[in-house]
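Structure, as structure tokens:
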Amino acid sequence: MRVECTNEKVKYVVAKEVTQVSQSHLERLLQGKGKAVEHCLLKMSGRWSEQSGLSQSLRALNKCCFKCLPCSEGEIPNETDSVSCLKCPEDQWPNDMTECVLKPIEFLSYKNDTIVLLVSIISLFCFFKTSTILGIFILFRDTPVVRANNQTLSFILLVFIMLSFLCVFLFLGRPTHVTCMLRQTSFGIIFSVAISSILAKTIMVYMAFKATKPGSFWRKFIGVKITNCVVFFCSFLQVLLSIIWLSTSSPFPEKNTHLYQDKIIFQCNEGSMLAFSILLGYMGLLAAVSFIVAFVARNLPDSFNEAKNITFSMLVVCSVWVAFIPSYMSVTGKNTVLVEIFAIISSSVGILGCIFFPKCFIILVRPELNAKSGFSRKIIKAAL
């Protein structure tokens, strides 16, 4: 509803219906229409009424009256009949346009978000599942399936997959200085060790098979602990990158008041997006190299070779993290954390399922295949 005054008559506009009446008849016509009309009866009544959330804009229509306009978002009238609005502080928001109140703070809370409980259950389930597989491998550590491709690397890989499921909890709950500093760096180091172990296993598959041929160049490298060097060197580079990141521009918790007008997002500021990008890029490089080496070695003897399984696992990892980049950039608020959690869990489950589930199937369901004679026959046949 609005009223616009002229010299002799007043236009009363309601629901697109315009009626012209004389000023003497105005009060009887608009009686009971609300206080918003009374604001515009300055000439006739000489008084004003308070209306929540409205300020009087000095748009004088022939010196008859003022027009009442609502305050903009995030503003309230600072006093009755004010000609301006008062902007609320950054951490506050108007309550029914009458006063400024504190904005609600949003983060992945254990109390208020059901998705946090679901993610916690999935992470714990995967952790205990990996622990069970590790126990099976320790129990059957002297069998050919476990000893093939360096059982020590298998144990290291399983332990760091377990840690990757646990590092998800650093992303949940109220951000602190400690969790913000540890969440990305710990995840990066854990995944780098895991993928470095996979790369070392793939290299060993290729070297071990090539060394079976008479006069092979690779025989002299079999005794060298080259796989341990691969794991150490690749992991050390990620540790070095993390130390540089934390010492120069470490992540910290912050309250983002600009993303949404009506709430505050409590999040971790990565400090340096360049360092974060380098961390992810390095992991992607390791995964790509592992995929290429495993793809080259995929046609080696099946019983001895797990390069096919590694190829599928690295394909899963690369697919997940390629999809992660646009998803991470397209969401806001706490959804960015959920996207990264999903990528961590998915890639870890992909490695676990592609590499270790087939071995557990042979150990528990088809023990007759877990025999040294089967390995020997296929290796000799392929070498000839």
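I'd like to know if the range 299-316 contains one or more residues that are farther than 17 Å from Ala194 by Cα, open to solvent by less than 50 Å² (accessible area, probe 1.4 Å), over 18 Å from the mean Cα position of the chain (by Cα) and of a type in the set (A, V, I, L, M).
The initial filter retains those residues of the range 299-316 that are farther than 17 Å from Ala194 by Cα, namely 299-305, 308.
This time we only want the ones that are open to solvent by less than 50 Å² (accessible area, probe 1.4 Å), so: 300-301, 303-305.
Next cut, over 18 Å from the mean Cα position of the chain (by Cα) only: 300-301, 303-305.
Narrowing the set further to residues that are of a type in the set (A, V, I, L, M) leaves 300.
Yes; the residues of the range 299-316 include at least one that is farther than 17 Å from Ala194 by Cα, open to solvent by less than 50 Å² (accessible area, probe 1.4 Å), over 18 Å from the mean Cα position of the chain (by Cα) and of a type in the set (A, V, I, L, M).
Return a yes/no flag: does the range 138-153 have any residue that is at negative phi, hydroxyl-bearing (Ser, Thr, Tyr) and either open to solvent by less than 10 Å² (accessible area, probe 1.4 Å) or within 24 Å of the chain's Cα centre (by Cα) (or both).
Of the residues in the range 138-153, the ones at negative phi are 138-148, 151-153.
Subsequent filtering for residues that are hydroxyl-bearing (Ser, Thr, Tyr) retains 143, 152.
After this cut, where a residue has to be either open to solvent by less than 10 Å² (accessible area, probe 1.4 Å) or within 24 Å of the chain's Cα centre (by Cα) (or both) as well, the list is none.
The answer is no, given that none of the residues of the range 138-153 is at negative phi, hydroxyl-bearing (Ser, Thr, Tyr) and either open to solvent by less than 10 Å² (accessible area, probe 1.4 Å) or within 24 Å of the chain's Cα centre (by Cα) (or both).
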Could you list, in sequence order, the residues of the range 262-274 that are surrounded by 11 or more Cβ atoms within 10 Å (Cβ to Cβ) and in contact (Cβ under 8 Å) with a residue 60 or more places away in the chain?
Lys263, Ile264, Ile265, Phe266, Gln267, Cys268, Asn269, Glu270
The range 358-372 residues that are in contact (Cβ under 8 Å) with a residue 12 or more places away in the chain and closer than 20 Å to Ser313 by Cβ, paired with ones that are part of a helix (DSSP H, G or I) and not basic (Lys, Arg) (beta carbon under 7 Å, 6 or more apart)
Pro358/Asn309; Lys359/Val145; Cys360/Ile133; Cys360/Ile136; Ile362/Val145; Ile362/Leu369; Ile363/Ile136; Ile363/Val145
Among what's in the range 353-372 and is in contact with a Pro (Cβ under 9 Å, 6 or more places away or on another chain) and not in a helix (DSSP H, G or I), pick the residue that is surrounded by the most Cβ atoms within 10 Å (Cβ to Cβ).
Asn370
Val178 versus (1) in contact (Cβ under 8 Å) with a residue 24 or more places away in the chain; (2) open to solvent by 50 Å² or more (accessible area, probe 1.4 Å): which is the lone unmet condition?
(1)
Of the residues in the range 127-160, those that are part of a helix (DSSP H, G or I) and charged (D, E, K, R) come to Lys129, Arg147
Matching option when the condition is within 12 Å of Ser348 (Cβ to Cβ) and either assigned to a helix (DSSP H, G or I) or polar (S, T, N, Q) (or both), among Leu163, Leu124
Leu163
Considering only residues of the range 98-133 that are in contact (Cβ under 8 Å) with a residue 40 or more places away in the chain and among the aromatic types (Phe, Trp, Tyr), which is farthest from Ser72 (Cα to Cα)?
Tyr110
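Would you point out which residue out of Leu315, Leu286, Leu338, Leu274 is assigned to a helix (DSSP H, G or I) and more than 27 Å from Ile133 (Cβ to Cβ)?
Numbers: Leu315 fails: more than 27 Å from Ile133 (Cβ to Cβ); Leu286 fails: more than 27 Å from Ile133 (Cβ to Cβ); Leu338 fails: more than 27 Å from Ile133 (Cβ to Cβ).
When all the criteria are applied, what remains is Leu274.
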Say whether the condition of being of a type in the set (D, E, K, R), open to solvent by 40 Å² or more (accessible area, probe 1.4 Å) and modelled with pLDDT of 80 or more is met by at least one residue in the range 64-84.
no
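The values are calculated or read from the model by the stated rules, or taken from the named source; none is laboratory data. Predicted model only: the values in this text are computed from it and were never measured. Methodologically, a virtual Cβ is constructed for each residue, glycine included, from the backbone with ideal geometry; neighbour enumeration extends over all protein chains shown. Each accessible area value is taken on the protein alone, full model and side chains, heavy atoms only, with ligands, DNA and RNA left out. Shrake-Rupley method; radii C 1.70, N 1.55, O 1.52, S 1.80 Å.
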